[in-house]
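Worksheet: the structure to be examined is printed underneath.
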Amino acid sequence: MNRTYWASLAAVVAALVFATVATVASATGGDSKPAAHTPVAASADAGFARDMAVHHQQAVEMSFIVRDRTKDEEARRLAYDIANTQANQRGMLLGWLDLWGLPKSEPERLPMAWMGMGSEPGADGALMPGMATNTELDRLRAADGKQAEILYLQLMTEHHKGGIHMAQGCAQRCTTEVERNLAQGMVDSQQSEIDLMAGMLKARGATPRT
């Protein structure tokens, strides 16, 4: 894995941290005054923040699982980076909901309803497109070494595809500029990781599932 990729990824994380600080400053007007525009619970801004926080949490979980199931440094490095980046982003999303005075979960709203989809959660615990099922998570926990690496890369590729679809929805629908920028950053970085994971799968004699 080349240094340019990891340096670029570090830059993305740094930019996202800066965006969070800028959001808080903007939302308070720099002197604790309320922002002129605050998203409501049914908005795309709030819906994306809630749903992507859930989506990211599973990516973090899968990354920690594979970190403990393999000794391969490349796979462990990727897993750590995904866990770190998505945990930070999840903190931003939940922080914005706090800032807006909105609940972090709304069980009465279907996932992705803010995108005009509102589909019922899939079978076996898959709450949104791209998310792994409970059975798949159990398989990952039971796998070791190369088998764990391949399954993780396949599951995370699907996970990223679902995340990109949702992030594109926010980039088009969200009204908070910094959140749109974060969403577009997710699209770009996760597509880059999908390309990277395709190469890692090929090196292990495997391919993405779709």
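The values are calculated or read from the model by the stated rules, or taken from the named source; none is laboratory data. Predicted, not measured: the structure shown is a model, and the values here were computed from it. Neighbour counts run over all protein chains shown; Cβ positions are idealised from the backbone, glycine included. These area figures cover heavy atoms from the full protein model, side chains too; ligands, DNA and RNA do not enter into them. Shrake-Rupley method; radii C 1.70, N 1.55, O 1.52, S 1.80 Å.
Counting only residues that are part of a loop (DSSP other than H, G, I, E, B) and β-branched (Val, Ile, Thr), which one in region 23-60 is modelled with the highest pLDDT? Step by step, filter region 23-60, then rank; the result is Val40. Residues of region 73-91 that are closer than 19 Å to Ser192 by Cβ, open to solvent by 70 Å² or more (accessible area, probe 1.4 Å) and either assigned to a loop (DSSP other than H, G, I, E, B) or not basic (Lys, Arg) (or both): Tyr80 alone. Taking the conditions (1) over 24 Å from Asp68 (Cα atoms); (2) in contact with an Asp or Glu (Cβ under 9 Å, 6 or more places away or on another chain) in turn, Ala126 satisfies each one other than (1).
Which residue, of Gly162, Gly116, is open to solvent by less than 40 Å² (accessible area, probe 1.4 Å) and not hydrophobic (A, V, I, L, M, F, W, C)? It would help to see each step written out before you state the result.
Numbers: Gly116 fails: open to solvent by less than 40 Å² (accessible area, probe 1.4 Å).
Among Gly162, Gly116, only Gly162 is open to solvent by less than 40 Å² (accessible area, probe 1.4 Å) and not hydrophobic (A, V, I, L, M, F, W, C).
Taking Thr70, is it surrounded by 14 or more Cβ atoms within 10 Å (Cβ to Cβ), in contact (Cβ under 8 Å) with a residue 12 or more places away in the chain, assigned to a loop (DSSP other than H, G, I, E, B) and polar (S, T, N, Q)? So Thr70 passes the test.
Residue by residue, here is whether (1) open to solvent by 30 Å² or more (accessible area, probe 1.4 Å); (2) at pLDDT below 95; (3) part of a helix (DSSP H, G or I) holds:
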| position | (1), (2), (3) |
| --- | --- |
| Ala132 | no, no, no |
| Leu137 | no, no, yes |
| Gln147 | yes, no, yes |
| Cys170 | no, no, yes |
| Gln184 | yes, no, yes |
| Lys202 | yes, no, yes |
| Gly205 | yes, no, no |
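Each row is one residue, and each column tells you yes or no for (1) within 21 Å of Arg76 (Cβ to Cβ); (2) part of a helix (DSSP H, G or I); (3) touching a residue at least 40 places away in the same chain (Cβ under 8 Å).
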residue	(1), (2), (3)
Leu127	no, no, yes
Ile150	yes, yes, yes
Gly162	no, yes, yes
Val178	no, yes, yes
Ile194	yes, yes, no
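Entry remark, region 100-111: residues being part of a loop (DSSP other than H, G, I, E, B), open to solvent by less than 50 Å² (accessible area, probe 1.4 Å) and within 14 Å of Asp45 (Cβ to Cβ) number 2 in total.
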